[in-house]
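Taking it in order: structure first as structure tokens, then the write-up.
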Amino acid sequence: MAQARTNPWLVLVVLTSGFFMILLDTTIVNVAIPAMSAGLNTTLDQILWVLNAYILTYAVLLITAGRLGDLYGQRNLFAVGLFVFTVASALCGFSQNANELIAARILQGIGGAVLTPQTLAIITTLFPPERRGAAFGIWGGVAGLATIAGPTVGGAIVTYISWQWIFFVNVPIGIAALIATFAIIPDLRTGRRHGWDILGIVLATAGLFAIVFGLIEGQRYNWGEIGSNGVTIPEVIIGGVALIAVFLVWERFQAEPLVPLSLFRDRNFAVANWIAAAISFGMLSLFLPIVIYLQSVRGFSALTAGLTLAPMSLTSMFTAPFAGRYADKVGAKYILTTGISLFTAGFVWLIYVAGPDSTWINFLGPAIVAGAGMGMTFAPMTTVAMRNISPQMSGAASGILNTTRQLGAAIGSAVIGALLQNHLATTLHDQAVSHAGALPEAFRAQFVAAFSSVSSNGFEIGTGQNGAKLPAGLPPAVQHQISVLAHDVFVSAFIDAMKTTLYVPLAVLAFTALTTLLIRRRRRPAASQGEPAQVQEKVAAAAG
């Protein structure tokens, strides 16, 4: 062990610093996509891979990385992930073209995947069960803050500096956190030697890659063939599911599996994994259309859009530690139920007030309610999942929990993206027909056709755009009239499509709130909890 005694709360500060960087980079890039596209002179498809390459790499390596922490020590793997992520961040900032940036983002994803599972594993090992709720509260507050702070932080950096600095800002934080890792975090081990499950690693990685790739890229290929090789997106996803099924069968016969299926015998761990996936599905599904609405419909800048949602992150950061501490006293079940319900209610309110003339003040109340709910969600969910997990299994359990969360986010992005496009195709046509009556008859058919063809153009819409390629060479008076009508068509169509689309994540979140009733009430854990005596001694010494 690296140190005889250390302050576990100081360790938590170091862990959450690295974790915050990782999660922030899953959302901060969104608002910088237009600036990166212009700066690197590249296509939309390429620049979207800057986002997707990170998410894809990050999601498929989490389970393996969690088990690697069990093999070689969580502190060591945390440091490796932090080092790789920091170097990759510098490479992202120095990239001269899209291919270099995508390669650096893949490296970032590897670093993020190696780091993330170690945070929960170290917390689980270092904190006794009766104090984990408070620690998870802080961890959950950081998770919630990072999830929705990306647009605000990214918008400010892109607006006032340049897009490269959304990556460069990670470098000093990463260096400081790396030094603190070896100075503060103890190297706790279970005292057991672990074996490798090579085939399990290959099957899990390949299966998760196929599933997440299919979900992310399905929209791009219209859920059909990928290029000219005859393989379709549904076949890729089905192949991934088949590989995961083979992986699960293989794991049943391993003495020391990559994913110990025995973890799911704990009903709370199983329920918490479902909740983690469903919450990620709902949150990402809700944020994606709302961010587009704020910038493309209301015309907010990237910074203003981020600041509009900032009360959500601030409220979440305030309530999460209290929720975690309260979960230690009364149990996490009803706090989690209340949190998911408040988050859902906040977004129902937000969607209700979202209109063509809404200002930031209209969203203040909904953002505070949703933020309060979010702060009451992450910490109790993590407490439910990890409370009964022994240190020997903490890396694997953390990897599984984070993987299900990422899969939920990928599925949410794919489902909501497809639904939003389908609804937009209908609402844009209907609104164009409705507004065309205000134009001279000679221009009506062209006007409707411009919006009817938007679906085939991929809905490439940004601030101040409406997605339609309107006729050129029109008389100035008609051109002005068409521009005004085109804006009105897009605003009305997008709001209608957004509200219809968001029924799905709201329904998923409402159902998820009900499933929290399946959680078993907290038991006062025994000191041993099935853990080896030497582990208990090391934990006690480290916790001081």
Q) Given a Förster distance of 22 angstrom, what is the FRET efficiency for ALA103 paired with SER162, based on the Cβ-Cβ distance and rounded to 0.05? A) 0.60
(Q) I need the peptides 154-166, 305-317 ranked by packing, meaning the mean over residues of other C-beta atoms within 10 angstrom, with the highest value on top. (A) 305-317, 154-166
Q. How many angstrom lie between the C-alpha centres of the range 317-354 and the range 233-300?
A. 22
Q. Is the shape of the range 195-340 best called rounded, prolate or oblate, per the rule: a/c under 1.5 gives rounded, else a/b larger than b/c gives prolate, else oblate, with a ≥ b ≥ c the square roots of the Cα gyration tensor eigenvalues?
A. oblate
Q: Kindly state, as a whole number, the per residue volume in cubic angstrom of the convex hull around the alpha carbon atoms of the range 196-255.
A: 69
Q: Please arrange TYR221, TYR326, TYR352 by counting, for each residue, the other beta carbons lying within 10 Å of its beta carbon, fewest first.
A: TYR352, TYR221, TYR326
Q) What's log10 of I(q)/I(0) for the range 1-107 at q = 0.19, 0.20 Å⁻¹, Debye sum over Cα points only, no solvent? A) -1.00, -1.07
Q: Grab the Cα-Cα distance for SER390 and ALA438, subtract it from 0.36 nm times how many residues apart they are, and report the gain in nm with one decimal.
A: 10.4 nm
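Within 10 Å, count the other beta carbons around each residue, average over each peptide in 335-347, 356-368, and list them highest first.
Put in order of decreasing packing, that is 335-347, 356-368.
Each reported figure results from applying straightforward, stated rules to the coordinates on display, with no laboratory input. Worth saying up front: this structure is predicted, and the values here are computed from it rather than measured. Note that we place each Cβ from the backbone using ideal geometry, even for glycine, and neighbour counts take in every protein chain shown.
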